[in-house]
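Below is one structure, written out as C-alpha cells; comments come after it.
The values are calculated or read from the model by the stated rules, or taken from the named source; none is laboratory data. Note that the coordinates shown come from a computational prediction; the quantities given were computed from them, not determined experimentally. Note that each Cβ is placed from the backbone with ideal geometry, even for glycine, and that neighbours are counted across all protein chains shown.
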C-alpha cells in the first residue's frame, strides 16, 4: 500500500497511526443502502441546497467537545433539512463510535455516511451505513480494490481527494461520488479555491461534494456556483443550534 502521499500534519499522522491498529468486522456485510444520489436530486428539485450534516463530537481542528446525544443531534439536523448525515466513527480523536452510527441510522430515514479512516477491506465490515468514506491520499494504490469491496457490500463509496493526482486516481478507480476536501492534510489550512480548481476536471456524471471550510451562506453559494452537487458541513452546523444552522445553510439565499 502506498498511503499518506507525503508529509502529514502531526495530528493527522496520529489519526492515521491509530487507524492502522483498529480491527475490522467479523462478518462480511451486505447492506441495503439508501440512495444518496436520489436524495441529492430530490433536495435540489425541492429548491433547497443538498447538505450532508456532520455529527462530529470533537476534532483536532475544533475546540471543545459536544456531548449531546448524537441521535438527538442527528434528528435535529434532519428536521433542519439535511439531505444526508455524516457520522464520525473514529473514537480516539473525534469522539465517534460505530454504535453511534448504528443508532443514528436506525433513527433517521436519510442516507448516512460513515466517516472514518478506512485503510483495509476488513474495516468496511465494522458497521452498516449507506456510504463510506475512502480517502485517496491514505489508501494509495489500494483505492480501486477498496472501491470494489465497498460496492460488493452494498455501500456507495465517497472518495475524497485534495489534489489533481488524487482526482485522477479516483476517476481511474471508477468513483462516481467524489468529495473534494478543501483542507490540506499536510498543513491543516483550508482554501475553498481547492474545490474551485478541481471541480472543472470532474465529469458531469460524477456526483461532486465540497468538503471542509463551508461556514456561511456565502460559502455555500460559492461552492454551488463552482459546481458542488452537495456540501459536507461539520463545525458550522455543530457549533450552536444544529437544526437552525442546518436550515440556514440548506435555504437558498
Quick check, is residue 152 touching a helix residue (DSSP H, G or I) at 6+ places or on another chain (Cβ under 8 Å) and either within 17 Å of residue 24 (Cβ to Cβ) or modelled with pLDDT under 95 (or both)? no
Would you confirm whether or not the stretch 94-112 contains a residue that is surrounded by fewer than 17 Cβ atoms within 10 Å (Cβ to Cβ), assigned to a loop (DSSP other than H, G, I, E, B) and at pLDDT 95 or above? yes
Residue under question is residue 11, and the condition is that it be modelled with pLDDT under 95, surrounded by fewer than 15 Cβ atoms within 10 Å (Cβ to Cβ) and part of a loop (DSSP other than H, G, I, E, B); does it hold? no
Could you list all residues from the stretch 147-161 that are out of contact with any strand residue (DSSP E or B) (no Cβ under 9 Å at 6 or more places or on another chain) and either within 21 Å of residue 57 (Cα to Cα) or not in a helix (DSSP H, G or I) (or both)? 154
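Within the stretch 133-146, can one find any residue that is in a loop (DSSP other than H, G, I, E, B), touching a strand residue (DSSP E or B) at 6+ places or on another chain (Cβ under 7 Å) and in contact (Cβ under 8 Å) with a residue 40 or more places away in the chain?
no
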Just one of the numbered conditions (1) in contact with a helix residue (DSSP H, G or I) (Cβ under 9 Å, 6 or more places away or on another chain); (2) farther than 20 Å from residue 114 by Cβ; (3) at pLDDT 95 or above; (4) surrounded by fewer than 22 Cβ atoms within 10 Å (Cβ to Cβ) is not true of residue 224; which one? (1)
